[in-house]
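The values are calculated or read from the model by the stated rules, or taken from the named source; none is laboratory data. Computed from a prediction, not measured in an experiment: that's the story for all the values here. In this analysis, Cβ positions are derived from the backbone assuming ideal geometry, glycine residues included, and neighbour counts consider all displayed protein chains.
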């Protein structure tokens, strides 16, 4: 399409996810339809047991639906094998987790470079790209520190730099401020605000209303279906 913002990054069509426990069928998602376009900043909310985590796992190609179609940036990933999904995850999705998921034996820059190693990028290019993205998240003086030598906010910045390193179609953030104090949470949400302003597509999974208010669109999941999907008219902007 001529207008990049009209490009669809995520398209869910009648997504269902069932779990079978003995004779019982648990319907985690039941006929969910959702479209997210390039450049959107969407918060997905829902209480425990709503299907929010299942939706996140499917969005991140960590799980596949029982029924329905999931198109991620033009790729049908609904029923693909693990090898294909691993390739798509590394190429199309930048993950940011509540627990950071960093390897303590590696320096910050080595953690950031990992997706490039999996993608087969030459070493000199890996270093150059990692240095650039770490500077962009304010970590130019912490590149060679190990995670256990860094604060929680700095570790989350490392995780965000790692998520950005492959220039993915989608940044998928799961409770990214869950392990941070309120001051650091504001700093991290300012960073997401800046990343979105650069044209990145962000899906933020959270149970915190104040964190969701930073997104431009809020989708609430309840009992495996969308309860509401609204444009956020009162986006919290951090100066």
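Please go through (1) modelled with pLDDT of 95 or more; (2) surrounded by fewer than 21 Cβ atoms within 10 Å (Cβ to Cβ); (3) under 30 Å from residue 27 (Cα atoms) for residue 172 and return the number of the only condition it doesn't satisfy.
In the conditions (1) modelled with pLDDT of 95 or more; (2) surrounded by fewer than 21 Cβ atoms within 10 Å (Cβ to Cβ); (3) under 30 Å from residue 27 (Cα atoms), residue 172 misses (2) alone.
Each row is one residue, and each column tells you yes or no for (1) part of a strand (DSSP E or B); (2) closer than 17 Å to residue 171 by Cβ; (3) under 19 Å from the mean Cα position of the chain (by Cα).
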{"position": "96", "(1), (2), (3)": "yes, yes, yes"}
{"position": "100", "(1), (2), (3)": "no, yes, yes"}
{"position": "106", "(1), (2), (3)": "no, no, no"}
{"position": "128", "(1), (2), (3)": "no, no, no"}
{"position": "133", "(1), (2), (3)": "no, yes, yes"}
{"position": "141", "(1), (2), (3)": "no, no, no"}
{"position": "144", "(1), (2), (3)": "no, no, no"}
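Residue 199 is checked against (1) modelled with pLDDT of 95 or more; (2) surrounded by fewer than 21 Cβ atoms within 10 Å (Cβ to Cβ); (3) under 22 Å from residue 213 (Cβ atoms) and fails just one. What number does that condition carry?
(1)
Is it fair to say residue 50 is touching a residue at least 40 places away in the same chain (Cβ under 8 Å) and more than 14 Å from residue 201 (Cα to Cα)? Walk me through it before giving the result.
Numbers: touching a residue at least 40 places away in the same chain (Cβ under 8 Å): yes; more than 14 Å from residue 201 (Cα to Cα): yes.
Against the criterion (touching a residue at least 40 places away in the same chain (Cβ under 8 Å) and more than 14 Å from residue 201 (Cα to Cα)), residue 50 qualifies.
Could you identify the single residue in 110, 40 that is in contact with a strand residue (DSSP E or B) (Cβ under 7 Å, 6 or more places away or on another chain) and at pLDDT 95 or above?
Details: 110 fails: in contact with a strand residue (DSSP E or B) (Cβ under 7 Å, 6 or more places away or on another chain).
Sole residue among the options that is in contact with a strand residue (DSSP E or B) (Cβ under 7 Å, 6 or more places away or on another chain) and at pLDDT 95 or above: 40.
In contact (Cβ under 8 Å) with a residue 60 or more places away in the chain, within 20 Å of the chain's Cα centre (by Cα), within 12 Å of residue 96 (Cα to Cα) and not in a helix (DSSP H, G or I): which single residue out of 168, 176 fits that description?
Numbers: 168 fails: within 12 Å of residue 96 (Cα to Cα).
Every option except 176 fails the conditions.
Looking at this structure, is residue 90 surrounded by 14 or more Cβ atoms within 10 Å (Cβ to Cβ), more than 15 Å from residue 204 (Cα to Cα) and under 16 Å from the mean Cα position of the chain (by Cα)?
For residue 90, the condition - surrounded by 14 or more Cβ atoms within 10 Å (Cβ to Cβ), more than 15 Å from residue 204 (Cα to Cα) and under 16 Å from the mean Cα position of the chain (by Cα) - is met.
If I filter segment 219-239 down to residues being closer than 24 Å to residue 157 by Cα and touching a residue at least 12 places away in the same chain (Cβ under 8 Å), which single residue comes out as surrounded by the fewest Cβ atoms within 10 Å (Cβ to Cβ)? First the steps, then the outcome.
First pass over segment 219-239, keeping only residues closer than 24 Å to residue 157 by Cα: 235-239.
Still in the running and touching a residue at least 12 places away in the same chain (Cβ under 8 Å): 235-238.
Working: 235: 13, 236: 14, 237: 8, 238: 12.
My answer is 237.
Has segment 59-78 got any residue that is over 21 Å from residue 175 (Cβ atoms) and in a helix (DSSP H, G or I)?
Our first condition is that a residue be over 21 Å from residue 175 (Cβ atoms); within segment 59-78, this holds for 64-78.
From what's left, in a helix (DSSP H, G or I): none.
No, segment 59-78 has no match at all.
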